[in-house]
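Participant: Here it is: the structure, laid out below.
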Amino acid sequence: MSTKVTINRLATGVPGLDEVLGGGLPEFSFNLIAGPPGCGKTTLAHQMMFALATPERPALFFTVLGEPPLKMLRYQQQFDFFDSEAINHSIRYVNLADDTLAGDLDEVLRRIVSEVETHSPALVFVDSFRSVVLASQTQDNPNNNLPQFVQQLGMLMTTWQATTFLIGEYFTETDTNPIFTVADGLIWLRQSVQRNSMVRKMEIMKMRGQPTLPGLHTFRIATSGIKVFAPAPLNPVEAPLQFPAKRLKMGVPQLDEMLGGGLPRGYSLLVAGPSGSGKSILAATFLAEGVRNGETGVIAVFEQRPNHSQNATLANLIQAGKVGLVDSRAPDLSIDEIVQLLLSEIDRLKATRVVIDSLSGFELALAPTFREDFRESLSRMVTALTGAGVSVLMTSELEDRYTDLRFSPYGTAFLTDAIIVQRYIEVQSRLLRIMAVVKVRASAHSDELRLYRIDDNGLQIGEMLPDQEGLLGGRPTRQHTVLDNG
Amino acid sequence: MYYRVLTIRYQFAMTAQSEESRQIVASLAHRVGPNADIARIAQALVTTLQDMGAALTPIIGQQGVVALYRRSIHLCASNHPRLAGTYDSVQSTLDLIALKSVLVEQSEADALFFGEVLLTTFYELLTTLIGPSLTARLLRDVWGPSLSDTPSQEISP
């Protein structure tokens, strides 16, 4: 039997936060929630409080100077988690404005301690702690006793078995603020503004004894409260690919042949081509073929008017619930948010086929602050999706440049396991389409450039053009063979 | 005299008919008791205000309560010009001793009407700020105990 202390971890009730914290909030910890005005500190505190407080484990919320309590109650009520019945029952508000105004930290501490002793709360919140700091500075005493105050508060709250949150603002990260040393946890909220876009980010700068997820995590505030988009957990033991790999039919028999028998399951496939070359049609056919074989799928559409770009087959599949639609037109998306939307839809439908249509739209949907890291983001998305065991088809708009052979505008071709490229060519005053399989990882595939056309039944793949050369340049010429001369 | 009280009651009932105002009026009446002399009315109103203050001060602070009280007085005066004189004389601070001394100079009917309007206005003001359910939750104990021992009308055969 282990004689080490067991630290209970509290479920915060904030979606995604427990994952970011590395498994919940350590009980009896002394935490600081910091960040600039309007970044959601008070909301975060309230959401955790309403989730955690029970009559047996009540919460005390000390309001100090700053946001007037009337207003705080008025605005916090707008969130779904706010429950009036909990007030004065499992949740108690205590106003310390008068004590703080006097600037006597000893008196503030005494008030807090006496309330804590009276109510024995399991959770204590002090909002906003900055007011306490400021009040202490108005004292004539130049050696203000803030460090001592924080030290004592931290010690008292922990021995009183209360999980404590100080809510503060304006702290600079490099500050040698005594709170940083005493606190067990530092939750930093930020608002990143770039051009017209604003993205909320959260960072766990410190959480003693916890394997927190490093870095900035995006979150949103909606009427349901705060939702943190934790990165999708990577499955450390990815299911080994079966040999021979099971292959998925694409819905176009000739294309299956070209791919060497279909798309290996769990592969990511990039379909690159110019506008109007039939990428979306191929994607819809891919999903429809899955449904025909009893599979389900998910499509993420990043277009301004998704309903207008859908073809009838796809619309019917979505209507019938065989294909899930991820159509987030929320502004300023982050990669983790999109991955989470996709994974929850995949999970809901037990989907095996996923389509992202298109990467160009996806890039536009991302908040500008993430666009610089687009390749990285894409790589994480592909890893998360294929890690979930699904096969992914992504379309990519390709500007037709006849002088160079490119497969994606992002230099992302290496991220995918398979690539199909589509191009326009000019032959005898007609605009024809050709298609080729460029890559299928660990598999034999066709090297043919095949003509294809689009009709009411989808893609129809035709023959090669053996008597033409220079197809990839867009303006092929007739081969001059010995036969022609003879 | 009694007729006049009834008339005022009637007027008041026409202006505020919510369940909460009925509860507030009933609570005040219960605190006043059967012998409604002016001293008891004044005392009942003052203790009700004290109880409301006691319920709200820990949450919104002393200053918050005073601000709500002043706003209530102001709203009462503009909605009921007939009593404006009375409201004017109790304005400014939450001085309940001063309030009491003003009240005892009124007729019983006026004092009761004044009290009912003031409490209802205060309640409705708080409702506009933090919503009906939270207001009811915070002030439940102010009306609660006095009403719990009055026979419920629903139980009538």
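Participant: Starting at the first residue of region B:101-116, write each ³J(HN,Hα) from the Karplus equation 6.51 cos²θ - 1.76 cosθ + 1.60 with θ = phi - 60°, in whole Hz, x for Gly and Pro.
Facilitator: Working through the residues one at a time gives 5, 6, 5, 5, 8, 8, 6, 4, 4, 5, 5, 5, 4, 4, x, 4 Hz.
Participant: Rounded to the nearest 20 debye, what is the charge dipole size of chain A about its Cα centre when +1 sits on each Lys and Arg Cβ and -1 on each Asp and Glu Cβ?
Facilitator: 940
Participant: Could you list log10 I(q)/I(0) for chain A at q = 0.11 Å⁻¹, which the Debye formula gives when each Cα is one point scatterer?
Facilitator: Debye intensities relative to I(0), on a log10 scale: -0.92.
Participant: Nearest 10 degrees is fine. How inclined is helix A:335-349 to the longest principal axis of chain A, computing both from alpha carbons?
Facilitator: 70
Participant: Here's another thing I want to ask about it. Report the local net charge at A:Ile434: Lys and Arg +1, Asp and Glu -1, summed over other residues whose C-beta lies under 9 Å from its C-beta.
Facilitator: So the surrounding residues net to +3.
Participant: I want the local charge near A:Ala230. Using Cβ-Cβ distances under 12 Å, sum +1 for each Lys or Arg and -1 for each Asp or Glu among the other residues. Please list the in-between numbers first.
Facilitator: Numbers: positive: A:Lys227; negative: A:Asp18, A:Glu19, A:Asp336, A:Glu337.
Computed value for this residue: -3.
Participant: Excluding residues on the same chain fewer than 8 positions from A:Lys71, give the aspartates and glutamates whose Cα lies under 14 Å from its Cα.
Facilitator: A:Asp127
Participant: What angle, in degrees between 0 and 90 and rounded to the nearest 10, separates the Cα long axis of helix A:374-387 from the longest principal axis of the Cα atoms of chain A?
Facilitator: 80
Participant: So for each of A:419-432, B:119-132 I average, over its residues, the number of other beta carbons within 10 Å; can you give me the resulting order with the highest mean first?
Facilitator: With the highest mean Cβ count within 10 Å placed first, the list reads B:119-132, A:419-432.
Participant: Per residue of B:127-136, count partner chain C-beta atoms within 10 Å of its C-beta, then hand back the mean as an integer.
Facilitator: Rounded to a whole number, the mean comes out at 4.
Participant: Assign one of three labels to region B:51-113, namely rounded, prolate or oblate, based on the Cα gyration tensor with a ≥ b ≥ c the square roots of its eigenvalues; rounded applies when a/c is under 1.5, prolate when it is not and a/b is larger than b/c, and oblate otherwise.
Facilitator: Prolate.
Participant: Could I ask something else about it? What angle, in degrees between 0 and 90 and rounded to the nearest 10, separates the Cα long axis of helix A:146-159 from the longest principal axis of the Cα atoms of chain A?
Facilitator: 80
Participant: If you don't mind, another one. Show me B:51-64, A:258-271 ranked by packing, highest mean number of other Cβ atoms within 10 Å first.
Facilitator: The densest-packed peptide leads the list: A:258-271, B:51-64.
None of the figures in this text is laboratory data; all of them are computed from the coordinates on show. All of these numbers come straight from a predicted model, not from anything done at the bench. No Cβ is skipped: glycine too gets one built from the backbone with ideal geometry, and neighbour counts run over all protein chains shown.
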